[in-house]
Structures are given as C-alpha cells and as structure tokens.
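So the structure is just underneath, and the comments pick up after that.
The values are calculated or read from the model by the stated rules, or taken from the named source; none is laboratory data. Keep in mind it's a predicted model, so treat the numbers as computed, not measured. For neighbour counting, all protein chains shown are included, and Cβ atoms are generated from backbone atoms with ideal geometry for every residue, glycine included.
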Amino acid sequence: MDVTEAVTRRISVRAFKSDPVPGALLREILELAHQAPSGGNLQPWRVYALAGEPLAEFKAKVAARIGTPDEPEYDVYPADLWEPFRTRRFQAGEDLYATLGIPREDKPARLRQFANNAAFFGAPVGLFFCLERKLGPPQWSDVGMYMQTLMLLAVERGLDTCAQEFWSRYHGVATEFLNIPPELMVFSGMSLGYRDEAHPINSLRTRRAPFEDWCELRGF
C-alpha cells in the first residue's frame, strides 16, 4: 500500500471488531509515527495506550460518568460557528446518523450513538494524546501531525482509527485512571483496531468541498 492508498482508505471508523491488536504491532506504529515533524523538534506529544483488562476497567468507569462531562479545557469548535463551517459540520452529522437510519427528531437514539465514543466504538485499543499545558497552538498542531502519521501507518498495516476529541469533555476520568501528571492536558483520544466492514456506519464518506473553494494556484 502506498501513501495515496492509505490517505484515501482512511476514514473515522466508528464500529470495530473485537480482534486484539498485537502489542508489538502497536508499538511499531507508535514508534514510527514519532518521525512526524514538530517545530524546533520539540516532539511535544505524550501518548497513553490501553487494551485488554485495563481498557475494560477504564470503559466501566467512563460509563458511570456519561452525562456529566468535565469542564472543557478548550473549545473543540468556536461558539456560533459560521458558514461554510456550520453547514459542513451539520451535514457530516446528518450523513452519519443516516447510515444508521436515525432521524433528527430521535434524540435518544442519537445520544446513545454519541455515547459509543466512551466505549471507543468497540475498538480493542484506546489511545490518549497529551501535551504540556504551557505549550501553545503551534505544538497542538504538532500533536495533530503525530496523530495523522499514526493513522496512516495504521491503515498501511490493515488497522483503522477514529480520532476522538470527545475525550476533551471527559478528561478527568482519563487523567485519574492513567495517573496523568497535572502539567499535561488531555488533547484527544483515538480508537484503534480492525474495521467492522459489515457495519453500516462505516459506509460513511464525509463530503469534501471542491478544490476551487479552498485553494488558489498562482504562477502555474
């Protein structure tokens, strides 16, 4: 598989098989992703991985907390999101629930699906990505580049992922369970495992704006 194939195959998978991911394979991917770029070579990411019994124990603790999120450490989206971003976000949500046949008015069903975030969508591996609180937005983008590199390496090896900023709202339970030092902020989580090809939610391909909407070529 080449890079182009990995980029086009990668999606946010929200239904996984229970098949375990070998620890050696996970470590290989995590270490290779460490080649991701970072400004000044700061390498600001800190990663925590859970599987097996520790993951099951963690999910049980989170399940008891659903509905009582922590005070967010940052806004995932700006308040009063404007166009075209508001429509893009709305459409992505509508398309996702359409794969499951959940209409907009069925709020309980939508909330139940959203709560699947807490179970890592059934994935056998749950990851958390942290960085020091004193670092700034440029280092946040560095962590994002590490995560993207990890996601593409996972696809190359037959795995799939779903990045989850959901955990920015339930950072307290992760911090406590993993004994994360107070100087670190939980930036995001990620589900990792083998895609359930038969699940309808994994048929979703989010829409992309036309090239001309977001790029100008000059001098070509």
Where residues in the stretch 87-115 are polar (S, T, N, Q) and at pLDDT 95 or above, which of them is surrounded by the fewest Cβ atoms within 10 Å (Cβ to Cβ)?
Thr87
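Among the listed residues Gly158, Gly122, Gly126, identify the single one that is farther than 19 Å from Tyr74 by Cα, exposed (fewer than 15 other Cβ atoms within 10 Å of the Cβ) and at pLDDT 95 or above.
Answer to the check: Gly158.
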So Ala36 passes all but one of these: (1) surrounded by 13 or more Cβ atoms within 10 Å (Cβ to Cβ); (2) among the small types (Gly, Ala, Ser); (3) farther than 21 Å from Met185 by Cα. Which condition number does it fail?
(3)
Residue satisfying all of: in the stretch 51-86; touching a residue at least 12 places away in the same chain (Cβ under 8 Å) and closer than 24 Å to Gln139 by Cβ; surrounded by the most Cβ atoms within 10 Å (Cβ to Cβ) among these
Asp70
Contact list please: Cβ distance under 8 Å, first residue in the stretch 127-149 and farther than 18 Å from Ala33 by Cα, second residue among the acidic types (Asp, Glu), pairs at least six apart or on different chains.
Glu132/Glu183; Arg133/Glu183; Lys134/Glu183
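In the stretch 158-201, what residues are among the polar types (S, T, N, Q) and either at positive phi or in contact with a helix residue (DSSP H, G or I) (Cβ under 6 Å, 6 or more places away or on another chain) (or both)?
First, pick out the residues of the stretch 158-201 that are among the polar types (S, T, N, Q): 161, 164, 168, 175, 179, 188, 191.
Passing the criteria: Thr161, Gln164, Asn179, Ser188, Ser191.
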